[in-house]
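Shown next, in structure tokens, is the structure this report addresses.
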Amino acid sequence: MNAPLQFVPASAFKQRAAAAVADAHLRSSFRNAMDFLIARRAAQFPDAPALERQRAFAEHIRKYSLARLPDLLEQLERKLTDNGVSVHWAETPEEANRIIIDIARRHSTRLMVKGKSMVSEEIELNHAMADAGMEALESDMGEYIVQLDGEKPSHIIMPAIHKTKQQIARLFAEKVPGAAYTDSVDELIGIGRAVLREKFMTAEIGLSGVNFAVAETGTLCLVENEGNGRMCTTVPDVHIAITGIEKVVEKLEHVPPLLALLTRSATGQAITTYFNMISGPRKPGEKDGPRELHLVLVDNGRTQAYGDEQLRSTLQCIRCGACMNHCPVYTRIGGHAYGSTYPGPIGAIVSPHMLGLAATHVLPTASSLCGACGEVCPVRIPIPDLLIRLRGEAQHAARPGEKPMLGQGAAQSRLIDIIWAGWAALYTRPALYRAFGWLATRFRALTPPMQSGWTASRTPLQPARRTLHEQMAARKRS
Amino acid sequence: MDEAGRRHYPEKPARVYLFGTCLIDLFCPEAGMDAVRLLEREGIEVHFPAAQTCCGQPAHSSGFPEQTRAVALAQLRLFPEAWPVIVPSGSCAGMMRHHYPRIFADDPRLLSEASALAERVFEFTEFLLHVARVRLTDRGAPARVALHTSCAARREMGTHVHARTLLGQLPRVEVAMHTHESECCGFGGTFSLKHPAISSAMAGDKVEALKQTGAQTFLSADCGCMLNLNHTLQKRGDPLQGQHLATFLWQRTGAEGEQR
Amino acid sequence: MSARANILQRLRAAPQATPPLPPDVPAFHAACHAGLAAGTRAARIALFCEKMAFWHGEVVRVTRANWPQTLRELCVTKGVRSLLHGEPHTAALRAAGIGGLKPYDRPVDAWKKELFEDTDASLTSTRGGIAETGTLIIWPDVDEPRLMSLVPPIHFALLDADQLYDDLFGAMREQRWSSGMPTNALLVSGPSKTADIQVTLAYGAHGPKELVVLMLVNEEELK
Ligand code: SF4
């Protein structure tokens, strides 16, 4: 295994989180944007029992698809091949990048235009392309803005959500040749449109992600509002689609229930402007569309999640971002603090499989387990349970006979083990426990004034005068 | 999720068990005592098994399944009679009701015991409302209060609905809504120790929202949230303090003198 | 071993509890609509118009007889100097006297720049519409290629009100999509848009800035 592409040391995460929390500006922009998305989503689901029915069915579809995953992948491959699509398989980011770069080289590529694809972020394709001497240009407005500023997306659906329009106005005036300063959103979008249309025309390759891959028809479905995805998949001579292996569904009719929840959960839209279903390259006689179409199926740790029946539910995800929007931690610190491609709750449960627990064990701890994510997840992934499970795997060696996860036990600490062993010893011995309570209440004046993270913003905890145990016992006696 | 929607509630029993929870035991025993008093006033005898300690949630949420199991096992058999088990904390009730059966899923005998126990576990306000079917008499002066139920109480036990309905029986108590009411206060057990910056930002926002309501006090059905918010307020030198719902209800409805 | 073999082997080696039953989409669909009366044509038309308006799309009711004339007027009002269209509509458009007609009669590669920079509007057919979401179903083909509904700033789309479906699943089932999909099929709900700058909605992100639906209705439905 090569070193993970991203490493999120606990201390660096905490530093970034502390800085983000102290940044009033960032706090209010995330709070406002998340409030907006939460309200938009809520407006789409006025009927709670109906929503529950929909979520249960969507979960069923995803679980069914995953149960048949290897068969469906083969069926998808067969169908796509029949349709004239080349299907590639990649176990690692390096492999995926190599496949894409080989195709690009074959077409003497100078420019690749990219539609929104989190998997391409996951494999750091843009870097790999740059290293190979080719340009990879993001064309989703948010992604374009973020790339222009040398940043990464801070949200999987709204990549530039951390920026104000004034910041974007300054960025465009500075970096886009010929662009005058304007903070009118319409004009800013107009500038992006003009620059990118030029690029769509000249790019040799278009790259896109995939929202659903339908096995029975060999159809790749893409959800978007802007039309850049359609540009990338239609204008250049070559289209490369890249997706995680988990995105397959068996039948076309499985798509509508998922699509209805995806767009409503993500941005509170009943549907996006475009739902693009691609089943093959340009056929003889057709006048546009790519002449070559490739699909790259990426594992990158997904088979590890798949190997465990509880963790497999991670792969039910349809990447709507609702768990982020509703996460009180994400809302406070924003996407960049996480330091992983996928931020927020979904990032915390999926990144350990991609990058290993050594690189990511802090992420599952950054949650109060409030359950807001699990409550809104349209495919009912039990996110809090998975966070707990990953906390456990990070702190313990694999059980005998079980295959260790990548980075298993990386956060194990003798001290913490001792503390929990002591805790269990105390709480499994009632007499000892009562004695402890007796002592703690009698010596309450000796409570330490500094209590680790607690007292950073709180007064110290102090035991009561008498425990409930004592008071109840006294009552019984009297 | 509202438990009331799918749970079948028994007739009011003559006897119940109280599971006091470790936080209440050590830090807010008055809340436990007030819960007992409220139950007794309804003519219910309260049994408090002396061997109880903690539901095991701290280890569970920290990723220590072995220790969780050991501590949970130590509670599992403390309630032999078929009486309801009342838990004056939404998150501990959620632990025993929803997580115990999963913790013991690999052992058929323990699983059946855990499932049987889970069926008898009631969060305190849920019990008052749906099983004891209390009719509260408001004996206090007009008051404006806010309500913060813990996330587990809200999402696993539907406590926000139960608490609000109970408070609705008190005509002179106005329950003020606060902004982002369903949002977590940032306690999260060891989360508050591990990620103090994030946790205190969350607690800070919550106390601001509670203060903005102009309420005299705020109520919680969970000691953890209450301690988190009260100690945050104290550190800020703010006079606002929260109360456990049991304490508020007991004081409000006339305390000792009014026993039926 | 190849990546393919490794991946499939790992997936097949994973433990499998009893697999869930195949999802019964028709039953789910029926349950979701239980209690709702089956949509009437009038209701579908009204709902489609309402939803399309919500997406910032314009709906103009036309008849089989007058649509080319209406389109001509729309082109004049909107200042359209060139209208991209497919072969099947040539005669009707010519007869209406629309100026600047531009048939999509050769592969895009030969005239990409002109398409992008010098084509004001396009007219395409549709395969139908979806009332629930205000959505057009477009299956580009040899006569009406993919880029027609994407590149020109104004997109006119002809929609036959007979082809309105209650929802996406209904459309898929009635039109038997699973028996064969075209190289590209599209659902289009309004003009292109983005909210990527400060969640402020802006239209005409990369695709059309305006979408005008010419809905073919009966004389008495013209309103
Ligand atoms: S985990 Fe659920 S809520 Fe989060 S992005 Fe995935 S599908 Fe959406």
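Near the amide H of A:Gly407, under 5 Å away, which other amide H atoms are found, from residues 5 or more places off or on another chain, if H is placed in the peptide plane? So A:Gly407 has HN proximity to A:Leu357, A:Ala358. The slack between B:Ala143 and B:Ser182, meaning 0.36 nm per residue of separation minus the straight C-alpha distance, is 11.8 nm. A Förster radius of 60 Å combined with the Cβ-Cβ distance from B:Glu81 to A:Ile418 puts the calculated FRET efficiency at roughly 0.95. Partner shielding of A:87-98 amounts to 2, given as the average count of beta-carbon atoms from other chains within 10 Å of each residue beta-carbon. Note on A:His25 and C:Lys113: their simple-model spin labels are 4.3 nm apart, each label 7 Å out from Cα toward Cβ.
Under Stokes-Einstein, with the Kirkwood radius over Cα pairs as Rh, the value for chain A at 10 °C and 1.306 mPa s is 65 µm²/s.
The separation of the range A:450-471 from the range C:1-64, counted between C-alpha centres, amounts to 53 Å. Computed on chain A, with alpha-carbon pairs under 8 angstrom and 6+ residues apart, the relative contact order is 19 percent.
Largest mean-square fluctuation among C:Ala202, C:Ala161, C:Ala13, in a Gaussian network model of chain C whose springs join Cα atoms under 10 Å apart, belongs to C:Ala13.
For chain A, what does -39500 (n - 2.57) per DSSP helix run (n ≥ 4), summed and divided by total residues, give at 222 nm, in deg cm²/dmol to the nearest 500? Present the calculation step by step, with values, prior to reporting the outcome.
Numbers: 22 runs with 237 residues, N = 478.
Taken over chain A, the calculation gives -15000 deg cm²/dmol.
The range A:244-306 and the range C:164-223 have Cα centres separated by 17 Å.
Here the range A:1-36 and the range A:67-92 have alpha carbon centers that stand 36 Å from each other. The amide H of B:Arg15, built 1.01 Å from its N in the peptide plane, has B:Glu45 as neighbours under 5 Å, considering only residues 5 or more places off or on other chains.
Let me have the 222 nm mean residue ellipticity of chain C computed from DSSP H runs of 4+ only, each contributing -39500 (n - 2.57), with the sum over all residues rounded to the nearest 500.
Helix-only estimate at 222 nm: -8500 deg cm²/dmol.
Helix A:430-442 axis versus longest C-alpha principal axis of chain A: approximately 80°, rounded to the nearest ten. Counting only chymotrypsin sites (Phe, Trp or Tyr not before Pro) that DSSP places in a loop and that have at most 16 other Cβ atoms within 10 Å, the longest clean stretch of chain A runs over A:182-442. How about the range A:55-152: which trypsin sites (Lys or Arg not before Pro) there lie in a loop by DSSP and see at most 16 other Cβ atoms within 10 Å? Passing both the DSSP loop test and the Cβ count: A:Arg110. Absence of a disulfide-compatible partner, taken as no other cysteine beta carbon within less than 4.7 angstrom, is noted in chain A for A:Cys221, A:Cys232, A:Cys317, A:Cys320, A:Cys327, A:Cys377. For the range B:117-226, the list of trypsin sites (Lys or Arg not before Pro) that fall in a loop by DSSP and count at most 16 other C-beta atoms within 10 angstrom reads B:Arg133, B:Arg135, B:Arg139, B:Arg172.
What longest region of chain A stays clear of GluC sites (Glu not before Pro) that DSSP places outside H, G, I, E and B and that have at most 12 other Cβ atoms within 10 Å? Mind showing how you got there, number by number?
On the way: sites that count: A:Glu309, A:Glu402.
Between the exposed loop sites, the longest stretch runs A:1-308.
Among beta bridges identified by DSSP and lying wholly in chain A, the antiparallel ones come to about 25 percent. Per-residue shielding of B:230-239, expressed as the average number of other chain Cβ atoms within 10 Å of the residue Cβ, stands at 3. Where does the charge balance sit around C:Gly100 when Lys and Arg score +1, Asp and Glu -1, over other residues with C-beta under 13 Å from its C-beta? Overall, the nearby charge balance is +2. If you sort the three axes of the alpha carbon gyration tensor as a ≥ b ≥ c, you get a/c of 1.5 or more for chain B and a/b no higher than b/c, which makes it oblate. The longest part of chain B holding none of the exposed loop GluC sites (Glu not before Pro), meaning those outside H, G, I, E and B in DSSP with at most 13 other Cβ atoms within 10 Å, is B:82-260. Placing a label point 7 Å from the Cα of C:Asp105 along the Cα-to-Cβ direction, the residues of the range C:145-169 whose backbone N falls under 17 Å of that point are C:145. Rolling a 1.4 angstrom probe over chain C with all protein chains present gives an accessible area of which 54% lies on carbon and sulfur atoms. Subtracting the Cα-Cα distance of A:Arg98 and A:Ala42 from 0.36 nm times their residue separation leaves 15.9 nm of extension gain.
Summing charges over all other residues whose Cβ lies under 12 Å from the Cβ of A:Ile278, with Lys and Arg as +1 and Asp and Glu as -1, gives +3.
For a test of the definition: using alpha carbon positions, the gyration tensor, and the 1.5 limit on a/c, classify the protein assembly as shown as rounded, prolate or oblate.
Details: a/c = 2.12, a/b = 1.83, b/c = 1.16.
It is prolate, given that a/c is not under 1.5 and a/b is the larger ratio.
Calculated mean residue ellipticity at 222 nm for chain B: -13000 deg cm²/dmol, from DSSP H runs with n ≥ 4 weighted as -39500 (n - 2.57), summed, divided by the residue count and rounded to 500. To the nearest ten degrees, helix A:468-477 and the longest principal axis of the Cα atoms of chain A are 40 degrees apart.
Counted residue by residue at 0.36 nm each, then reduced by the alpha carbon distance between them, the extension gain from A:Ala130 to A:Ala397 reaches 92.2 nm.
Trypsin sites (Lys or Arg not before Pro), restricted to the range B:12-92: which are DSSP loop and have at most 15 other Cβ atoms within 10 Å?
Taking the range B:12-92 and a limit of 15 other Cβ atoms within 10 Å, the loop trypsin sites (Lys or Arg not before Pro) found are B:Arg77.
A simple spin-label model places pseudo-atoms 7 Å from Cα toward Cβ; at C:Ala95 and C:Glu221 they are separated by 2.2 nm. For the pair A:Arg170 and A:Met450, a Förster radius of 56 Å applied to the C-beta separation gives a FRET efficiency near 0.80, rounded to the nearest 0.05.
The values are calculated or read from the model by the stated rules, or taken from the named source; none is laboratory data. Computed from a predicted model, the values in this text were never measured in an experiment. Here the Cβ is made from the backbone with ideal geometry for all residues, glycine too, and neighbour counts use every protein chain on show. Keep in mind that these areas ignore ligands, DNA and RNA; they rest on the heavy atoms of the full protein, side chains included. Shrake-Rupley method; radii C 1.70, N 1.55, O 1.52, S 1.80 Å.
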